[in-house]
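I have placed the structure first, in the form of structure tokens, so that the comments after it can refer back to it.
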Amino acid sequence: MVEYTWPDRKDSSVLGGSHDKVDGPAKCTGTAKYSYDITPPKTALARALGCPHAHCKIKSIDTAPAEKVAGVVHARALKKPGDEIEWQGELIAVVVGETEGAVAEGLAAIKADYEPLDVFVNEEDLDAAEAAGRARKGPGKVQLENEPGDDEDEDAFEEKEIARLFREAAAVVEGRYGIRAITHMCLEPHGSTCDWQDGKLTAHLSTQNVSGTPGQFGGPLGITADDVTVHCDYIGGGFGSKFAADSWGVLAATLSKDLNRPVKLMLDRDTELKIAGARPSGFADVKVGANSEGVITIWDSHHWSTGGMGGGSLSQDVMPYVIVPPNFRRRTTNVRTNTGPTRAWRAPNHPQGCALSQTAIDDVAAKLGMDSYELFRRNLVNVPEERRKLYEEEMKIAAKLMDWKAKWHPHGKGPKDGSVVSGLGMAIHTWRGGGHPSSCRVKIHPDGGVEAFLGSQDLGTGTRTVIATVLAETFGLPVDAVKVNIGSSKYPPSGPSGGSTTVGGVAESSRHAGLDALAQLNEKVAAKLGAKAQDLVAKDGRISDKNNADKGLSWKEACGLLGMNPLEVTSRGAPGRDSKLSSSGVGGVQMAEVAVDRETGVVRMKKFVAVQDMGLVVNRKTAESQILGAMIMGIAFSLFEERIMDAKSGAFLNAEIADYKLPRLGDVGELVVEIYEPEEERARGVIGLGEPPVIGPGAAISNAVANALGVRVPVLPMTPKQVLDTLKARGA
Amino acid sequence: MKAFEYAAPRSEEEALELLAPEPGTSEVLAGGTDLLGLMKKMIVTPSRVVSLSRVASLKRIDADSQGMRIGAMVTLDDLLAHPATAKYPALEQALRGFGSLQMQSQGTLGGELCQRPRCWYFRGGHGLLAERGRAVAEGDNRFHAIFDNAGPAKFVSPSRVAPALVALGATLRVIGPEPGDETQMPLELLYRTPKDERQREHDLLPNQVVAQIVLPAADGRRSAAYEVHHGAGGQDDPIVSAAASLTMHGNIVADARIVLGQVAPTPWTSHEAIRAIVGAPVDQRTAEAAGEAAVSVAAPLSHNQFKVQLAKVAVKRALLKAAGLQTGGLA
């Protein structure tokens, strides 16, 4: 009977160590082939035409002129007269050709006529949205400790009770907060090269979901998923936007079938930004009350947001965020705008919820003249009990790394260096991160070679290395002794990489498969050595008797006992309540230090500290890198990036890299990562890490700016424009 | 990208001969950092592209006691590395501002001066003036002009080097339209504010080409460039920049040139700021007053009020920097 556990810290050889990515050199040298790089012989290039209008009816589309362009192989309309287009960039026609130039000329030759319809894109202005009939009441929730009397009207009681709680509060803060919509900005745009041959499809798809996408191709092509292979060795960014085959993926496959040759269709940059995923904005009117100790007693908020035309706006569940007082009311409004559909963006809803609510909470500290750290600490009574101690410990560590006590000054009262002021801010966050279902096939060759096969994918954060580390630990081998094969739907299925589920999932399945395979191998070794199988341990390249270390075989000798054929074992992981290998639910604390030039509105990151728990650390290096990446991504949406729409036409104005601002390394300041892994956390097993560290930056950085200026810059990103406009409006 | 003919002449004469006679049907290719993107988006669709990369006379730098003659095809990196550039701090600082290996090693001085505006309505295919200025006036004009924007042109001059070069009194040697034709003009006069879509943002005739940029001797003038960026700088365009060049008599400014970038359809010489500082010493108070004077004639659009503040600060800091004083602000 195999027991599925991890070795203790002291018995671990490679687990929890710091290992280079096994595919690092391939990525750095260009050897790694991303989906965009894959161009089989005879591939035809396809590009789709995006609708220039944000809202219109198609009157006509004529693709015949495109087909007359030299080098164009095929053109077809994707929409028909009468179809309504609801956001700019929606695909309306496609051209296939031999060269990029021919395709571009073909696209330009298409004749399309549109009937423009009313456009609305400004979700920030709720009054305008209501006037335009674009606002719809969304769900909400009221939670009050007191209950209405039997004869009381419930709504009237709520109003009265909330008013009473605010009256009795020692400090009340009221304000409007916001965070603008951003896009996923994957460096590699969405798309695929599809190769139809003899009734079977191979799709080289840039995807976060290798195992889950074959069926999405099969149906539309009239085949079953067994005749589809989805392949993706390397992906240039997904962030939650690449779970589906997408209409353009199915289009590439259909074109390949119809034209009987491989077809490559990657979205161009502006189309990528316009239609392939956005994170919903969020704007909120917040009123928050606290007692004289700074403990939040009552919260009342109304937030509005847009998910474009297709829904998917900011959830109500994240308001208020983590710090939830016993009495609160939250209301929501969904605004329908002619903007591209939203998709899951790293920690869906959480970054916005954190930025909208922990800023308001920090404003209570400003109002009370209290140290923000102290206010957050006192409000740990308002976080779920099981994580209070965790947050408190992580706050202590973060404060020490930041030197918070020495640097702290009350809001707006710090020293001035000419026009430059500095400030500190913090935020706390949470995420689930339980492992997804995953299967792993392990193959041990008679010559000692070890391979693993999983229908998983590497988002760039180190999935291969994690799997190799787990199996290397299991077999007592170095990390580079394990060959990891992922990125094909023909391998045993794994879940999509979203929601921080991958590391938990693949660590589970690879540990299960590894231990199952080792048990079989140990039977043979035990027979050979005259030992008991359960007494054998695999460590340092040997399998030996734990009671007598001299009694053992090298790994290679042991594998030689397998005979002619490799040993092959496929096992499923079993994440969940009973698993000792993985768990879910983390906290995390972040602290930011910024300098702000009051004359130019430029905010500069000085130092940014992230303290993060994740249960058991598999590979320290990739875990730290993932946190660093999240911090930089958080700096991006806090200070730089935003989707800028033209109010009149609904055009996405900054849909190209030159205009869509992102930070560079010179903009991120000093980044400090501390992984919080005491025994009680390690004992919980593996928990995913992708989402949590990207949640806190908005609130932490905004709070630091508010601490520096003494004025809240209420809307993210805090660009020079936003900062200067705020200072001017506040007369500061 | 529309299919096009490619020509790579080896002399100035050949280049002029190869430029197509029909205006607008050929484009001059320098480093390509701007033109290629415009062609890919089909904002410009030349039928012929004439690359100047093999014209040796355009790649030389000559420096002597009279000043510097810089070929239009000299890369930003080569110019930065040339010892004579250090005599012109405003130019050197503007070049350092790029902070981008790719732009510096591929971009040329002539191309930098002649790059097209970054206006997102222009780049979105609405024409240089974007519906005679309406799209910008009624749209998101946060990065648009705060000076000289009453007409249809509301884009801003994108060049990062032009303000410094204008402040330093640079002139141009322009060749064409016919082989053998050649004129000299102050750099400042290269730029104009177009009145209709037939005009470009420069005053060259079709098939005239900037061949050399000529800088007079530095002659003890003090100069500096200052850029305000969204972040720490680098290849992103500045939101506002300013360059100042001063001739001092003792500690009094005898003569000044103060030129702003990214605030008007052309590099914007601020006569108001010049009047304010000439005859005064440079200190915090006078520099600030010059900044105030510079924006006294600003006319912000609906979304770019903040650029008035940035222009004021950029002038102040450029003057302080030129005078060798601390500028303040984030380094």
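Under the definition of partner shielding as Cβ atoms of other protein chains within 10 Å of a residue Cβ, what is the mean value for peptide B:3-10?
1
Distance between the C-alpha centers of the range A:437-511 and the range B:112-164? Whole Å please.
53 Å
If you take the square roots of the eigenvalues of the alpha-carbon gyration tensor of chain B and sort them as a ≥ b ≥ c, do you get rounded (a/c under 1.5), prolate (a/b over b/c) or oblate?
Values: a/c = 1.93, a/b = 1.28, b/c = 1.51.
Oblate shape, in that a/c is at least 1.5 and b/c is the bigger or equal ratio.
Which of the aspartates and glutamates could a cross-linker span from A:Lys10 if the Cα-Cα distance has to be under 12 Å and same-chain partners fewer than 8 positions apart are dropped?
Filter leaves A:Glu679.
Got a sec? Charge dipole of the protein assembly as shown, +1 on Cβ for Lys and Arg, -1 for Asp and Glu; which of A:Ser509, A:Ala156, A:Leu401 is way out at the positive end?
Value: A:Leu401.
Let me know the charge dipole size of the protein assembly as shown about its Cα centre in debye, to the nearest 20, where only the beta-carbon of Lys, Arg (+1) and Asp, Glu (-1) is charged.
1060 debye
Between A:Lys556 and A:Leu117, with labels modelled 7 Å along Cα→Cβ, what's the label distance in nm to one decimal, could you check?
Distance between the two pseudo-spin positions: 7.0 nm.
Between A:Ala658 and B:Glu14, with labels modelled 7 Å along Cα→Cβ, what's the label distance in nm to one decimal, could you check?
With each label point 7 Å from Cα toward Cβ, the separation is 2.9 nm.
Of the peptides A:294-305, A:131-142, B:8-19, B:27-38, how do they stack up when ordered by the mean number of other Cβ atoms within 10 Å, highest first?
Going from most to least packed, we get A:294-305, B:27-38, B:8-19, A:131-142.
Using only the Cα atoms of the range A:530-602, build the gyration tensor, take square roots of its eigenvalues as a ≥ b ≥ c, and label the shape rounded, prolate or oblate: rounded if a/c is under 1.5, else prolate if a/b is larger than b/c, else oblate. Each step should come with its number before you reach the end.
Numbers: a/c = 3.22, a/b = 2.74, b/c = 1.17.
Prolate, because a/c is 1.5 or more and a/b exceeds b/c.
Quick check: the distance between the Cα centres of the range A:130-164 and the range A:600-655, to the nearest angstrom?
36 Å
Any idea what angle helix B:305-322 forms with the longest principal axis of chain B, computed on alpha-carbon atoms, 0 to 90 degrees, nearest 10?
80 degrees
Please give the length that would be gained between A:Ala527 and A:Glu568 if that part of the chain were fully extended, namely 0.36 nm times their separation in residues minus their C-alpha to C-alpha distance (nm, one decimal).
Answer, rounded to one decimal: 12.8 nm.
Would you work out if the range A:1-158 is rounded, prolate or oblate? Take a ≥ b ≥ c from the square roots of the eigenvalues of the alpha-carbon gyration tensor; rounded if a/c is under 1.5, else prolate when a/b is larger than b/c, oblate otherwise. Kindly include the intermediate steps, with their values, before the conclusion.
Working: a/c = 3.70, a/b = 1.11, b/c = 3.34.
It is oblate, given that a/c is not under 1.5 and a/b is not larger than b/c.
Can you compute the charge dipole magnitude of chain B about its Cα centre, using +1 on each Lys and Arg Cβ and -1 on each Asp and Glu Cβ, nothing else charged? Give it in debye, rounded to the nearest 20.
Dipole about the Cα centre, nearest 20: 780 debye.
Rounded to the nearest 0.05, what FRET efficiency do B:His82 and A:Asp417 give with R0 = 22 Å and r taken as the Cβ-Cβ distance? Could you check?
After rounding to 0.05, the efficiency reads 0.05.
Give the aspartates and glutamates whose C-alpha is closer than 15 Å to that of A:Lys607, dropping any in the same chain fewer than 8 places away, or say none.
In chain and number order, the partners are A:Asp403, A:Glu593, A:Asp667, A:Glu670, A:Glu674.
Which Cα, out of A:Gln534, A:Ser579, A:Ser301, lies furthest along the positive dipole direction of chain A (beta carbon charges, K/R +1, D/E -1)?
Of A:Gln534, A:Ser579, A:Ser301, it is A:Gln534.
How many Cβ atoms of partner chains, on average, are near each residue of B:226-238 if near means within 10 Å of its Cβ?
5
Need one number: nm distance between label points at A:Glu392 and A:His409, each 7 Å from Cα along Cα→Cβ, rounded to one decimal.
A separation of 3.2 nm, rounded to one decimal place.
So if R0 is 45 Å, what FRET efficiency would A:Lys546 and A:Ser625 give, r being the distance between their Cβ atoms, rounded to the nearest 0.05? Before the final figure, lay out each step's value.
Values: r = 35 Å, r/R0 = 0.79.
So the FRET efficiency works out to roughly 0.80.
Mind ranking A:389-399, A:683-693 by how tightly packed they are, going by the mean number of other C-beta atoms within 10 angstrom, highest first?
On the way: A:389-399: 19.2, A:683-693: 25.7.
Packing order, densest peptide first, comes out as A:683-693, A:389-399.
Between the range A:29-59 and the range B:49-110, what is the separation of their alpha carbon centroids in Å?
Result: 37 Å between the Cα centres.
Keeping every protein chain in place, order A:Lys111, A:Lys274 by accessible area at 1.4 Å, biggest value first, i.e. largest first. Working shown, then result.
Values: A:Lys111 125, A:Lys274 35 Å².
Putting A:Lys111, A:Lys274 in descending order of accessible area: A:Lys111, A:Lys274.
If I take R0 = 25 Å and measure r between the Cβ atoms of B:Arg54 and B:Ser105 in this structure, what FRET efficiency does the formula 1/(1 + (r/R0)^6) give, to the nearest 0.05? Can you show the working numbers first?
Numbers: r = 18 Å, r/R0 = 0.71.
Efficiency for this residue pair is about 0.90.
Taking each residue in B:119-125, count the Cβ atoms of any other chain within 10 Å of its Cβ, then average. What number comes out?
Averaged over the peptide's residues, the number is 5.
At a threshold of 8 angstrom on Cα-Cα distance, excluding pairs fewer than six apart, so keeping six or more, what relative contact order does chain A reach in percent?
In percent, rounded to a whole number, it is 16.
Among the lysines, which have Cα under 25 Å from the Cα of A:Lys200 when same-chain residues fewer than 8 positions away are ignored?
Candidates past the 8-residue exclusion: A:Lys33, A:Lys42, A:Lys242, A:Lys257, A:Lys264, A:Lys490.
With +1 on each Lys and Arg Cβ and -1 on each Asp and Glu Cβ, and nothing else charged, work out how big the dipole of the range A:318-379 is about its Cα centre, in Debye to the nearest 20.
For the range A:318-379, the charge dipole is close to 380 debye.
Charges on Cβ only, +1 for Lys and Arg, -1 for Asp and Glu, centred on the Cα centroid of the protein assembly as shown; of B:Val55, A:Asn146, B:Ala290, which one is farthest towards the dipole's positive end?
Positive-most Cα among the choices belongs to B:Val55.
Looking at chain B, how many pairs of lysines come closer than 18 Å at the Cα, when each pair is eight or more places apart or spans two chains?
Details: B:Lys2/B:Lys40; B:Lys2/B:Lys41; B:Lys87/B:Lys321; B:Lys154/B:Lys195; B:Lys154/B:Lys307; B:Lys307/B:Lys316; B:Lys312/B:Lys321.
Qualifying lysine pairs in chain B: 7.
What relative contact order, as a whole-number percentage, does the range A:236-357 give when Cα pairs under 8 Å and 6 or more residues apart are counted?
Details: 199 pairs, mean separation 34.4, N = 122.
For the range A:236-357, the relative contact order is 28 percent.
The values are calculated or read from the model by the stated rules, or taken from the named source; none is laboratory data. Every value quoted in this text rests on a predicted model; they were computed, and no experiment measured them. Note that each Cβ is placed from the backbone with ideal geometry, even for glycine, and that neighbours are counted across all protein chains shown. Heads up: the accessible areas ignore ligands, DNA and RNA and are worked out on the full protein's heavy atoms, side chains in. Shrake-Rupley method; radii C 1.70, N 1.55, O 1.52, S 1.80 Å.
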